[in-house]
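Read the figures in this text as sums done on the coordinates, not as results from a lab. Predicted model only: the values in this text are computed from it and were never measured. Here Cβ is always computed from backbone atoms with ideal geometry, including for glycine, and neighbour counts include all displayed protein chains.
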Amino acid sequence: MRKKHFYSLGFMVVLLTLLVSCKNEETFDNKVYISTGKLERIINKPSVTTEQFTIKVGMANLESAPVEVDLGADPSKLDVYTKIYNEKVEILPAEFYTISSNKAQISQGSVESTPVTVTFDKINTLDKEKIFVLPVSLTGGSLSILESQKTVFYVIKGGALIDVVADIEDNNLHIDQWKTPAPVNNLSQFTLEALIRVRNYDRMISTVMGIEGRFLIRLGDANFPANQIQVATSAGNMPGSDAATKGLPTNQWVHVAVTFNGQDKKIRIYIDGKEQSVANTSLSTVSFGVNGQNGFYIGRSYEDARFLAGDISECRIWNVERTAEQIAGNPYEVSPTADGLVAYWKCNEGSGSVVKDHTANGNDLTAKKTVKWTPVSLPTK
């Protein structure tokens, strides 16, 4: 019995030696591979003109000398992508991208290369009905390549203009201290816009955006339909009650816009790009860049209970009175650099409690509590 155990022990020693030898041999065969993402998706939509990504090359072990790796566009890998994702695709034409270098350098004493930049341009001029793919592969160099991690696929395809929105039921968005208040102050004309989907109107007042006691877009009021837009200002409220023709639906997306002109003394309400109401006002200018708890809110006025029970997106302030055609033309997206756009909260972060101002003014909103984010696909086809 002891002899049998001795032979078994001897066998285990030999097996262990072989395993260690194999491991050492595997370690010795140092290979390079792409250490950054292997699939990068770009949504083709009007506001996206350029995108930029970096490629880094890694290896498992240090080398005694610098390592140089060749890389470049690799149309031959298009069939690989097609087989994996079962999509009909085309190779991205060369005029839509640049690769900063055809070599990646790994310095001695490092296991990862300096980045190579891939820049995409004129994305929004591509056919949105097609899917374009640019495979970039490692093609050679001073070390062998790990075949399974040698290619990154860049995919450009049309998609929803809005894919996530903020649910602000029992919540609100606020600026306590404006970073750049001047562009939204002393406005002699302006346009406020928001895309909303309300689940219910179970309170006397539901708030869209603005400042209580100055200029506010809300739904409902005492002796006023809970589902009708009302503009409440320091010089009076408008329009009159008309639930039969001006009440908003539940669980449907509605684009709301309000324009103000202090020269012709008019306030206009637009619903889905069509003028719904117009009224006179004695106001000459309005300021929204007010600091503190009595300042600008989305989803609150006077008290927290006047929240909007639903989703909101595409909130904007313009320093011009937009026309009906302009309002109707882009409810789902505008360029952050559009003329007259002074605040732009897309409400599409998808996580957290801060909502970014996409203009250069940087007046970000902060939620009362963490926002519930709702996946959507807008516009609906």
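For the range 174-213, the list of trypsin sites (Lys or Arg not before Pro) that fall in a loop by DSSP and count at most 13 other C-beta atoms within 10 angstrom reads Lys179, Arg199.
Modelled spin labels at Thr50 and Ser35, positioned 7 Å past Cα toward Cβ, are 2.7 nm from each other. Under 16 Å from the Cα of Lys369, which aspartates and glutamates turn up, not counting those fewer than eight places away in the same chain? Excluding near neighbours in sequence, the set is Asp167, Glu169, Asp170, Asp176, Glu303, Asp304, Asp311, Glu349. Shown in residue order for the range 224-237 are the 3J(HN,Hα) couplings computed by the Karplus curve 6.51 cos²θ - 1.76 cosθ + 1.60 at θ = phi - 60°: 9, x, 5, 10, 10, 5, 10, 9, 9, 10, 5, 10, x, 10 Hz (x for Gly and Pro).
Listed values (1) 39, 29, 23; (2) 57, 25, 20; (3) 55, 19, 16 include one computed from this model; for semi-axes √(5λ) of the Cα gyration tensor in Å that value carries the label (2). For a straight C-alpha distance cut-off of 27 angstrom, the lysines reachable from Lys83 (same-chain residues fewer than eight places away being disregarded) are Lys31, Lys38, Lys45, Lys56, Lys128, Lys130, Lys150, Lys157. What the phi angles of the range 297-302 give under the Karplus curve with 6.51, -1.76 and 1.60, with θ = phi - 60°, is a coupling list of 9, 10, x, 8, 7, 6 Hz, glycine and proline written as x. Close amide H partners of Gly140, meaning residues 5 or more places away or on another chain with modelled amide H under 5 Å apart, are Asp70. Taking label points 7 Å from Cα along the Cα-to-Cβ direction, Asn280 and Phe96 give a separation of 5.6 nm. For the pair Gln108 and Val354 in one chain, pulling the backbone fully straight at 0.36 nm per residue adds 84.3 nm over the alpha carbon distance. Report summary: the helix-based calculation at 222 nm, which adds -39500 (n - 2.57) for every DSSP H run with n ≥ 4 and divides by the residues of the chain, gives -3500 deg cm²/dmol.
Taking a straight Cα-Cα cut-off under 17 Å and skipping sequence neighbours fewer than 8 places away in the same chain, the lysines within cross-link reach of Lys246 are Lys274. Just how far, in whole angstrom, is the range 326-371 from the range 210-255 if you go by their alpha carbon centroids? A separation of 22 Å, based on Cα centres. Annotation note: trypsin sites (Lys or Arg not before Pro) in the range 23-93 located in DSSP loop regions with a Cβ neighbour count of at most 16 within 10 Å are Lys38, Lys56, Lys88.
Cross-link check: pairs Lys179/Lys346; Lys265/Lys346; Lys88/Lys122 evaluated at a Cα-Cα cut-off of 25 Å; pairs beyond the cut-off: Lys265/Lys346.
Residue-wise HN-Hα couplings along the range 139-156, as the Karplus relation 6.51 cos²θ - 1.76 cosθ + 1.60 with θ = phi - 60° gives them from phi, are 10, x, x, 7, 10, 6, 10, 6, 4, 6, 9, 9, 10, 10, 9, 9, 10, 10 Hz; Gly and Pro carry x.
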